[in-house]
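Trainee: My questions will all concern the structure given below.
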Amino acid sequence: MKIYLAGPDVFRPNPVIFFNQIKDLGNELGFSIQTPLDPHHSDLKGLDLAKSIFLSNLDLIRNSDLVLANCNSFRGPLIDDGTAFEIGYAFSLKKKIIGYLKEKITLPVNVSRKLHCSLHSSGYLIDPDGFLVNEDFGNSINLMMEFAIMESGGFLFEGNLEDCLREIQKIDLQK
């Protein structure tokens, strides 16, 4: 099974080492792990490099059997916007998507832990930019992301990437 890893892990200080460790684990579990760093674009720079990465990642998603998305907060309380795009793109291709989070808490709790919010007269919290934190349906990430994952036939896993890969190995994803 080819698994594409979506998420902000490319921004780690040593992403190649991180991804190589995950690829090794994937091989042990019988998976072929594809990462956003797999295509090499060493001869390109600037927007040419960015476009090449974009097109290569789309191709990796198209050729994957499953998209495994890091849904942890990134540079704020919400999912990384590139990961959100990859989830949406995978959903449009009818790919199965599995997301993982360190902790499945409701979106308002996560936002209030990351941002200084105050109570609004509506009864909801309001964030520092003046927007209500009223996506309060019990979902852990933005409802569009969470239901793209669920409707794809996947699930939102509580735990780390390594444990999620072990969980995927145990289940029949063809259902």
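Trainee: Output the residue which, of all residues in region 60-86 that are under 8 Å from the mean Cα position of the chain (by Cα) and small (Gly, Ala, Ser), is surrounded by the most Cβ atoms within 10 Å (Cβ to Cβ).
Mentor: By that ranking, first place goes to ALA69.
Trainee: Only one of these conditions is not met by GLY76: (1) outside the structural domain of ASN160 (by TED's automatic domain parsing); (2) closer than 25 Å to PHE19 by Cα. Which number is it?
Mentor: Tallying (1) outside the structural domain of ASN160 (by TED's automatic domain parsing); (2) closer than 25 Å to PHE19 by Cα, GLY76 fails exactly one: (1).
Trainee: Here is a list: ILE98, ILE79. Which entry is more than 20 Å from LEU25 (Cβ to Cβ), of a type in the set (Val, Ile, Thr) and touching a residue at least 40 places away in the same chain (Cβ under 8 Å)?
Mentor: Result: ILE79 is the single residue among ILE98, ILE79 that is more than 20 Å from LEU25 (Cβ to Cβ), of a type in the set (Val, Ile, Thr) and touching a residue at least 40 places away in the same chain (Cβ under 8 Å).
Trainee: What number goes with the only condition from (1) farther than 21 Å from ILE171 by Cα; (2) in a loop (DSSP other than H, G, I, E, B); (3) assigned by TED's automatic domain parsing to the domain that holds PRO36 that GLY154 does not pass?
Mentor: (1)
Trainee: Limited to region 1-24, what total is found for residues that are surrounded by fewer than 15 Cβ atoms within 10 Å (Cβ to Cβ) and part of a helix (DSSP H, G or I)?
Mentor: 6
Trainee: Kindly list, by first and then second residue, each pair from a residue in region 20-31 that is on the phi > 0 side of the Ramachandran plot to a residue that is small (Gly, Ala, Ser) and modelled with pLDDT of 95 or more, limited to pairs with Cβ atoms under 8 Å and residues at least 6 apart or on different chains.
Mentor: The qualifying pairs do not exist here.
Trainee: Identify, from the list SER56, SER140, SER121, SER112, the residue that is part of a loop (DSSP other than H, G, I, E, B), surrounded by 14 or more Cβ atoms within 10 Å (Cβ to Cβ) and of a type in the set (Gly, Ala, Ser). Lay out the reasoning, then the answer.
Mentor: Working: SER56 fails: part of a loop (DSSP other than H, G, I, E, B); SER121 fails: surrounded by 14 or more Cβ atoms within 10 Å (Cβ to Cβ); SER112 fails: part of a loop (DSSP other than H, G, I, E, B).
Checking each option against the conditions leaves just SER140.
Trainee: Out of all the residues in region 8-29, is one or more modelled with pLDDT under 95 and of a type in the set (Lys, Arg)?
Mentor: Checked against the condition, which is being modelled with pLDDT under 95 and of a type in the set (Lys, Arg), region 8-29 yields no hits at all.
Trainee: Any idea how many residues of region 59-82 are more than 21 Å from GLY159 (Cβ to Cβ), touching a Pro at 6+ places or on another chain (Cβ under 8 Å) and hydrophobic (A, V, I, L, M, F, W, C)?
Mentor: Residues meeting the conditions: 1.
Trainee: Next question, about the same structure. Name the single residue, out of those in region 27-37 being closer than 27 Å to SER73 by Cβ and more than 17 Å from the chain's Cα centre (by Cα), that is surrounded by the fewest Cβ atoms within 10 Å (Cβ to Cβ). Don't jump to the end; show me each part of the working.
Mentor: Step one: filter region 27-37 for residues closer than 27 Å to SER73 by Cβ, giving 29, 31, 33-37.
Retained after the next criterion (residues that are more than 17 Å from the chain's Cα centre (by Cα)): 29, 31.
Values: LEU29: 16, PHE31: 20.
Going through the qualifying residues, I end up with LEU29.
Trainee: Give TYR100, TYR89 a once-over and let me know the one that is of a type outside the set (S, T, N, Q), surrounded by 19 or more Cβ atoms within 10 Å (Cβ to Cβ) and not in a loop (DSSP other than H, G, I, E, B).
Mentor: Numbers: TYR89 fails: surrounded by 19 or more Cβ atoms within 10 Å (Cβ to Cβ).
Answer to the selection: TYR100.
The values are calculated or read from the model by the stated rules, or taken from the named source; none is laboratory data. Keep in mind that this is a model prediction, so the values were computed, not measured. Reconstructed Cβ throughout: ideal geometry from the backbone, glycine too, with neighbour counts over all protein chains shown.
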